[in-house]
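First the structure, in the form of structure tokens, and then the observations on it.
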Amino acid sequence: MTLTMRGKPRQFLVLVLVATVIFVSYKAFLEDEHKLSFKGEPSATGKKSPVMFEDVNALMPLTQSSEHLEKMRQHEQKMLQNVREMIRQREEEIKGVAPSGGTRSSLWKGLGRTMASDPAPRFALSKRFVHLDLKGAPPTMSYMRRLLPFLRSLGATGILLEYEDMFPYQGSLDDICAHDSYSVDDVKEINRLAAANGLELIPLIQTFGHMEFVLKRDGFKGLREVPSFPQAICPTNNRTLPLIREMIDQVLALHPNARYLHIGSDEVYNIGECPLCQERMERFHWKTEGLLMSHVRAVSEYVAERHRLRAIMWDDMFRKVPLETILDSQIGRASCRERV
């Protein structure tokens with residue numbers, strides 16, 4: 001004999017099953033959210049997560065190989081060790097020159113800031129730049145009009161503006177723009193706001209690592225150093241330098257008063273791995289440092305010779321390069337006559 005339910009009993013059972021599924025899903029969500037919380041940050045349950053900060057990247061294996069993740073972890077660990085050592089050395093120097101009766105605050109409490117008992121400033125920096133990384137959550141123009149005067153009031157003398165896909169690239173590069181990128185008029189307005197507030201504006205263009213906003217596009221996938229990883233561009237591919245030069249030309253066309261161009265080049269996690277680069281390193285008897293210096297020099301020379309600007313870059317990749325290699329590359333000796 002088969003029992004069947006009709007009418008209200010059947011509807012009630014369906015509602016109970018649906019409610020059970022929703023409850024179980026919600027509990028699972030809370031557990032996952034708790035696992036992915038920052039260390040010490042309250043989760044949806046109101047409890048603080050004991051998980052370390054780096055566990056926030058638990059979803060990265062879905063898009064990146066274990067080999068690349070391990071390489072990134074090792075690189076970041078070395079950088080952190082270098083920073084700790086620099087801070088330790090600086091704090092020892094500070095302790096050694098502290099005036100009698102005066103005390104100085106730890107560097108952890110803010111570079112360039114001193115306690116009330118020590119009125120003498122530790123640092124007298126003539127240039128104090130704020131780095132605005134526009135990817136992810138770029139300020140609206142209405143907010144930018146309030147932000148730049150505020151930064152100036154805090155003592156900033158300049159803005160390092162990292163556009164990534166928020167710059168209004170045109171022509172062959174229009175595909176790398178975000179759908180909500182700034183317009184040409186917006187960039188001109190940002191220049192005007194910076195000048196009105198006495199802030200020097202330095203545009204930043206990534207030219208080696210952090211090229212995901214370009215290399216994720218179908219038209220540029222062939223320029224990846226590693227086909228499955230869009231972080232670094234291949235410095236040997238014959239399409240790479242023309243692409244970078246076009247990006248530089250378009251950005252500097254809208255920054256006519258710039259004196260410097262920041263070319264990024266930090267955290268290049270993949271270098272010398274593709275067949276083209278390996279063949280090139282073998283031909284010139286290079287290690288990866290030689291490939292790095294060759295690419296950086298090619299970009300900086302273009303900035304100097306074509307636009308008469310001085311190129312600057314982050315220092316982390318230089319820390320691993322022997323001094324002899326840097327000197328042999330003659331980087332920084334390109335002719336540069338600043339705009340007047």
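The values are calculated or read from the model by the stated rules, or taken from the named source; none is laboratory data. Everything quoted here is computed from the prediction, not taken from an experiment. All Cβ positions, even for glycine, are placed from backbone atoms using ideal geometry, and neighbour counts span all protein chains on display. Surface accessibility is based on the protein's heavy atoms, side chains included, excluding ligands, DNA and RNA. Shrake-Rupley method; radii C 1.70, N 1.55, O 1.52, S 1.80 Å.
Keeping all protein chains in place, calculate the accessible area per residue for the range 236-329 (probe 1.4 angstrom), answer in Å².
Counting only protein heavy atoms, the per-residue value for the range 236-329 is 49 Å².
Under 17 Å from the 7 Å Cα→Cβ point of LYS188, by amide nitrogen: which residues of the range 247-290?
What the label zone holds, given the 17 Å backbone N cut-off, is 250-258.
Working out 0.36 nm times the residue gap between MET141 and THR157, then minus their Cα-Cα distance, what length gain in nm do you get to one decimal?
Once the chain is fully extended between MET141 and THR157, it gains 3.8 nm.
Expressed as a whole percentage, what fraction of the accessible surface of the range 241-335 belongs to carbon and sulfur atoms when a 1.4 Å probe is rolled over the protein heavy atoms?
Reported share for carbon and sulfur atoms: 51 percent.
For ASP315 paired with ARG259, estimate the spin-label separation in nm (one decimal), with each label point 7 Å from Cα along the Cα-to-Cβ line.
About 2.0 nm separates the two model spin labels.
What number, in percent, do you get for the relative contact order of the range 183-286 if the mean sequence gap of Cα pairs under 8 Å and at least 6 apart is divided by its residue count?
For the range 183-286, the relative contact order is 35 percent.
Under a 1.4 angstrom probe, counting protein chains only, how are ASP186, ASP174, ASP218 ranked by accessible area, largest first?
Final ranking, largest accessible area leading: ASP218, ASP174, ASP186.
So which of LYS78/LYS221; LYS78/LYS135; LYS78/LYS320; LYS71/LYS135; LYS188/LYS221 end up more than 21 Å apart by C-alpha?
LYS78/LYS221; LYS78/LYS135; LYS71/LYS135; LYS188/LYS221
Spin-label point model (7 Å from Cα, Cβ direction): what's the ARG245 to ILE326 distance in nm?
The answer from the label model is 2.8 nm.
What accessible area per residue, rounded to a whole number of Å², is obtained for the range 119-192 using a probe radius of 1.4 Å?
It amounts to 55 Å² per residue over the range 119-192.
Ordering PHE284, PHE208 by how much accessible area each has at a 1.4 Å probe, largest first, what is the list?
Descending accessible area places them as PHE284, PHE208.
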